[in-house]
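Below: the structure, in C-alpha cells.
The values are calculated or read from the model by the stated rules, or taken from the named source; none is laboratory data. Worth saying up front: this structure is predicted, and the values here are computed from it rather than measured. Please note: Cβ atoms are built from the backbone with ideal geometry, for glycine as well, and neighbour counts cover all protein chains shown. Just so you know, the surface numbers come from the protein's heavy atoms only, side chains and all, with ligands and any DNA or RNA stripped out. Shrake-Rupley method; radii C 1.70, N 1.55, O 1.52, S 1.80 Å.
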Amino acid sequence: RALLYRLWKGNVSSKMLNPRLQKAMRDYLAANKHGVRFRGRREARLSRSELLCELRRRARVRTLDGTEAPFSALGWRPLVPSVPLGQLHPRGLRSCAVVMSAGAILNSSLGEEIDSHDAVLRFNSAPTHGYEKDVGNKTTVRIINSQILTNPSHHFIDSSLYKDVILVAWDPAPYSANLNLWYKKPDYNLFTPYIQHRRRHPTQPFYILHPKFIWQLWDLIQENTKEKIQPNPPSSGFIGILIMMSMCREVHVYEYIPSVRQTELCHYHELYYDAACTLGAYHPLLYEKLLVQRLNMGTQADLHRKGKVVLPGFRAVRC
Ligand code: C5P
C-alpha cells in the first residue's frame, strides 16, 4: 500500500521494491543482453512541459518501411502498408484510450467510459469478450509482441482478436538497432508470420515498429531518471502510450499507474499472480510509470479511483 501512495505522488525508488524484484533488476543490469551503451546524462529535472516537448521532438513513431537493408533487398517495399501509421488519421483523433491489461481493471466498471473514446488501444491477447463491463469492447489498435506472432497458443492466424484492427508488432532488437543483426537473430522470428499475414490480408494496416523508435524511448526514460534503469526495451504499455500521443489530441490511460484496486493479479484475463507485472523486472516499468505520472494532467481522484492518467497528444502541446 505504501508503495501505491508513493506511485501516485511520483516518489518511488527501486529500493522500495521487494528483494526478489530488486535482484531481478540487478541481474538484468549485469546481463545487458541487448548491448545497451547509454551516452547521455541521467537526471530528472525537466518540468512537465519541457518533458512533453522533449518527447514530442524525439519520440517520433517509426515503422519498418522496407527501404533499408536487409528488408529492401528482401522485397519488403511493396509488402508494407502503403499508408504509414502516422497518416492513417491525418487530422488526428480527438480522444483516445489506452487500456492496460492489469488485473486492477477488474470490477472497475470503466467499460462504458473506455468505449466513449474515438479510438481504443489494447495489448497482446487481452480480450474484451466477457469483460465488457470493465474494459469495454471497442478496439482500434492492438500492439502485439513477437511472441504473439510466433507462439501457436495465441492462434494469431485465426483468432478474431487480431482481425479488423490496426496491428502494430515489435520485437527487442540490439541497442545498436542494426537491422541486419536483428533480422538474423530476432528474439522471436516475427518476420516470416508478418510476411504471410501481409500477403493474406493486404488491406489490414499492420506495421512492425522500427528498433530505433523503441530504443529512442528507452533513452528518453533513462535521461529523465536518476537511477540506472533496466537495459531492456520499454514495455508495450509505454510504447502504446507514445503511439497514441502522436495520433490523438488527448490520451486517457487506464490502470497503468494502479488505482485503489491494485493487485498482484498480473492480467485481468488470466489467473496468474506476480508483482513484476505491475512494477517491472525485465522492462523498466517502474521508471516508465514515474515518467507518465509526471505528465499527468488528470485529477488525483481519477488516478486513485479509475487508475486513469490524462495526457495531451503531441498536436495539443505548444513548444
Ligand atoms: O503483459 P502485457 O505486456 O501484455 O500488458 C500490456 C501492458 O500493460 C504492459 O506492457 C504494461 O505496460 C501494462 N501492465 C501493467 N500492469 C500489469 C499488467 C500490464 O502496467 N499488471
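For region 71-82, check the following and say yes or no: at least one residue is more than 29 Å from Tyr272 (Cβ to Cβ) and among the β-branched types (Val, Ile, Thr). Yes, there is a match, as at least one residue in region 71-82 is more than 29 Å from Tyr272 (Cβ to Cβ) and among the β-branched types (Val, Ile, Thr). The residues of region 115-135 that are surrounded by fewer than 23 Cβ atoms within 10 Å (Cβ to Cβ) and touching a Gly at 6+ places or on another chain (Cβ under 9 Å), listed by number, are Asp115, Ser116, Phe123, Thr128, Tyr131, Glu132, Lys133, Asp134. Of the residues in region 57-68, at least one is open to solvent by 30 Å² or more (accessible area, probe 1.4 Å), touching a Ser or Thr at 6+ places or on another chain (Cβ under 8 Å) and touching a residue at least 40 places away in the same chain (Cβ under 8 Å).
The set of residues in region 57-109 that are farther than 15 Å from Met244 by Cβ, among the aliphatic types (A, V, I, L, M) and touching a strand residue (DSSP E or B) at 6+ places or on another chain (Cβ under 6 Å) contains only Leu64. In this structure, Asp158 qualifies as farther than 28 Å from Ala24 by Cα, open to solvent by 50 Å² or more (accessible area, probe 1.4 Å) and of a type outside the set (Phe, Trp, Tyr).
Scanning for something away from the ligand (no atom under 16 Å from the Cβ), among the hydroxyl-bearing types (Ser, Thr, Tyr) and more than 23 Å from Leu106 (Cα to Cα), does region 168-176 turn up at least one residue? Among the residues of region 168-176, at least one is away from the ligand (no atom under 16 Å from the Cβ), among the hydroxyl-bearing types (Ser, Thr, Tyr) and more than 23 Å from Leu106 (Cα to Cα), which makes the answer yes. Total residues in region 180-217 satisfying the condition of being without any contact (Cβ under 8 Å) to a residue 60 or more places away in the chain, touching a helix residue (DSSP H, G or I) at 6+ places or on another chain (Cβ under 9 Å) and either assigned to a helix (DSSP H, G or I) or under 30 Å from Val12 (Cα atoms) (or both): the figure is 8.
Anything in region 123-179 that is in a helix (DSSP H, G or I) and either β-branched (Val, Ile, Thr) or closer than 13 Å to Ile208 by Cβ (or both)? List them, or say none. Walk me through how you get there before you give the answer.
Going through region 123-179, the residues in a helix (DSSP H, G or I) turn out to be 132-135, 146-150, 152-154, 160-162, 179.
Across region 123-179, the qualifying residues are Val135, Ser146, Ile148, Leu149, Thr150, Leu179.
Only one of Leu242, Leu220 is within 26 Å of Pro90 (Cβ to Cβ), part of a helix (DSSP H, G or I), open to solvent by less than 50 Å² (accessible area, probe 1.4 Å) and within 12 Å of the ligand (Cβ to nearest atom); which? Residue meeting the stated conditions: Leu242. Mind checking whether some residue in region 278-287 is open to solvent by less than 20 Å² (accessible area, probe 1.4 Å), in contact with a Gly (Cβ under 7 Å, 6 or more places away or on another chain), closer than 22 Å to Leu121 by Cα and within 8 Å of the ligand (Cβ to nearest atom)? No; the residues of region 278-287 include none that is open to solvent by less than 20 Å² (accessible area, probe 1.4 Å), in contact with a Gly (Cβ under 7 Å, 6 or more places away or on another chain), closer than 22 Å to Leu121 by Cα and within 8 Å of the ligand (Cβ to nearest atom). Sort out which residues of region 94-114 are surrounded by fewer than 19 Cβ atoms within 10 Å (Cβ to Cβ) and either under 18 Å from Pro202 (Cα atoms) or touching an Asp or Glu at 6+ places or on another chain (Cβ under 7 Å) (or both), and write them in order of number. Passing the criteria: Arg94, Ser95, Leu106, Asn107, Ser109.
Restricting the first member to region 78-89 and to residues that are under 13 Å from Arg199 (Cα atoms), and the second to residues that are assigned to a loop (DSSP other than H, G, I, E, B), the beta-carbon pairs closer than 7 Å and six or more apart or on different chains are Leu79/Gly66; Val80/Leu64; Val80/Asp65; Val80/Gly66; Pro81/Pro205.
Among the residues making up region 8-39, those that are in contact with a Ser or Thr (Cβ under 7 Å, 6 or more places away or on another chain) and surrounded by 13 or more Cβ atoms within 10 Å (Cβ to Cβ) are Gln22, Met25.
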